[in-house]
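The block underneath contains the structure these notes are about, expressed in structure tokens.
The values are calculated or read from the model by the stated rules, or taken from the named source; none is laboratory data. Source: prediction; values computed, not measured. Here Cβ is always computed from backbone atoms with ideal geometry, including for glycine, and neighbour counts include all displayed protein chains.
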Amino acid sequence: MKFRYFKHLIFTATSWALGANDDVLVGGQAVIEGVMMRSPKGYSVAIRRRDGSYRVVKELLQTTGEKWKIFKLPIVRGVGVLGQALVLGIKALRWSADEAMLDEEPSDKTTADPARSLGAAAKAESTPAGAPAALPSWVIAGSMVMALGVNIAMFIALPLFMTGLLQKQLGFESHLLFNAIDGVFRVGTFVTFLLTISFMKDMRRVFAYHGAEHKTVYNFEAREPLSVENADKYSTLHPRCGTSFLLVLMVVSIIVFSLFHFDTIAGKLASRIVLLPLIAGISYEVIRYSAKHPDSLMRLVTYPGLLLQKITTKKPDESQLATAIKALEEALSV
């Protein structure tokens with residue numbers, strides 16, 4: 001049971017690398033045994049059960065820009081989109097984790113839940129249910145704090161500490177060199193983390209659903225009928241993926257951190273945390289522009305992120321593609 005919670009923490013902390021980071025057209029995120037898809041008006045989560053049937057939830061969704069005008073401004077809109085995507089992604093992950101645990105229960109259980117009992121005729125049919133937004137606010141807040149804490153500890157504090165030790169050993173004083181080395185350590189830590197979790201069996205399945213999500217989005221963007229055959233011919237690598245965003249964010253952070261000079265490690269750490277929203281907003285604009293202008297030089301910035309997606313996406317099977325398509329169809333019907 002404790003290991004199950006640990007795995008869920010890893011899924012939550014990795015949620016930004018599993019999802020899209022744009023509110024244009026459609027996008028989504030891989031979850032446990034399923035996919036969450038967003039449309040301009042709402043979202044849905046489709047989970048595939050062991051018997052081949054689907055569990056689907058969907059809900060209308062207002063963007064942060066629709067709620068508050070300030071989130072329509074450049075830079076600021078990125079913070080709003082990413083914040084909402086993180087909250088929604090954690091809700092979807094929590095719900096999919098609960099569904100996965102229920103699906104693992106012994107089939108000979110004496111008291112079956114009627115709401116979960118589906119006959120053979122119900123296979124491949126959605127079962128509308130309450131949206132994952134019903135989770136208590138403290139659960140969502142707790143998951144966000146833990147995920148943020150893990151990311152800050154691994155990708156900000158640890159590289160900063162390693163760079164500080166190296167500076168003491170080599171005795172260099174250049175502020176630019178410090179931030180460049182810190183950035184290299186940060187990227188190295190991120191890639192090592194992704195490679196490590198990619199050996200987890202459950203994570204490999206999530207990465208396969210991640211690939212299914214990308215193929216389905218490409219299918220939709222090509223204005224072709226949504227089908228397993230059409231989706232399967234597309235790449236699992238997509239420029240608007242959260243993996244690409246995170247790599248761009250790390251590159252942008254090197255530039256932004258170099259503009260603010262602090263002598264102590266504590267000051268550097270505090271500034272890096274405070275500047276995160278600004279860096280995220282700038283990175284969002286870079287990804288957004290490159291996606292809308294595929295022939296621009298800015299697209300080159302996202303190329304390393306596409307290479308990194310070779311870790312975070314795997315080739316999906318037909319059932320995983322069908323699940324992603326189901327999620328998108330339900331999201332478009334909201």
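Would you please name the residue that is farthest from the chain's Cα centre (by Cα), looking only at residues in region 168-178 that are closer than 19 Å to Ile255 by Cα and at pLDDT 90 or above? Checked region 168-178; the qualifying residue farthest from the chain's Cα centre (by Cα) is Leu177.
Taking every residue in region 258-279 that is free of Cβ contacts under 8 Å to residues at least 40 places away in the same chain and surrounded by 15 or more Cβ atoms within 10 Å (Cβ to Cβ) and pairing it with any residue that is in a helix (DSSP H, G or I) and hydroxyl-bearing (Ser, Thr, Tyr), at least 6 positions away or on another chain, the pairs with Cβ-Cβ distances below 6 Å are Ile279/Ser253.
Picking from residues in region 66-83 that are assigned to a helix (DSSP H, G or I) and without any contact (Cβ under 8 Å) to a residue 24 or more places away in the chain, the one that is nearest to the chain's Cα centre (by Cα) is Gly83.
Residues in region 227-252 that are under 15 Å from Thr302 (Cα atoms) and part of a helix (DSSP H, G or I): Gly242, Thr243, Ser244, Phe245, Leu246, Leu247, Val248, Leu249, Met250, Val251, Val252. Suppose we filter Val252, Val217 for residues that are of a type outside the set (Asp, Glu) and out of contact with any His (no Cβ under 7 Å at 6 or more places or on another chain); which single one remains? One residue alone meets the criteria, Val252. Among the residues that make up region 5-21, is at least one of them in a strand (DSSP E or B), at pLDDT below 90 and hydrophobic (A, V, I, L, M, F, W, C)? Within region 5-21, one or more residues are in a strand (DSSP E or B), at pLDDT below 90 and hydrophobic (A, V, I, L, M, F, W, C).
Report whether or not Thr302 is in contact (Cβ under 8 Å) with a residue 60 or more places away in the chain, over 23 Å from Pro74 (Cβ atoms) and polar (S, T, N, Q). Spelling it out, it is not the case that Thr302 is in contact (Cβ under 8 Å) with a residue 60 or more places away in the chain, over 23 Å from Pro74 (Cβ atoms) and polar (S, T, N, Q). Restricting the first member to region 53-65 and to residues that are under 16 Å from Ala85 (Cβ atoms) and crowded, with 17+ Cβ neighbours inside 10 Å, and the second to residues that are charged (D, E, K, R) and modelled with pLDDT under 85, the beta-carbon pairs closer than 9 Å and six or more apart or on different chains are Thr63/Asp23; Thr64/Asp23; Gly65/Asp23. Please verify whether Val228 is surrounded by fewer than 21 Cβ atoms within 10 Å (Cβ to Cβ), under 23 Å from Met154 (Cβ atoms) and β-branched (Val, Ile, Thr), treating the condition exactly as stated. So Val228 fails the test.
Out of (1) among the acidic types (Asp, Glu); (2) modelled with pLDDT under 95; (3) over 30 Å from Leu160 (Cα atoms), the odd one out for Asp232 is which? Failing condition for Asp232: (2). What do you reckon, is Ala322 within 30 Å of Arg49 (Cβ to Cβ), under 18 Å from the mean Cα position of the chain (by Cα), in a helix (DSSP H, G or I) and not aromatic (Phe, Trp, Tyr)? When the stated conditions are applied, Ala322 does not pass them. Quick test of your reading of the structure: Met37 fulfils all but one of (1) at pLDDT below 90; (2) among the hydrophobic types (A, V, I, L, M, F, W, C); (3) not in a loop (DSSP other than H, G, I, E, B). Name the failing condition by number. Going through (1) at pLDDT below 90; (2) among the hydrophobic types (A, V, I, L, M, F, W, C); (3) not in a loop (DSSP other than H, G, I, E, B) one by one, Met37 breaks only (1). The listed residues are Phe193, Phe172, Phe178, Phe185, and the only one of them that is assigned to a loop (DSSP other than H, G, I, E, B) and surrounded by fewer than 21 Cβ atoms within 10 Å (Cβ to Cβ) turns out to be Phe172.
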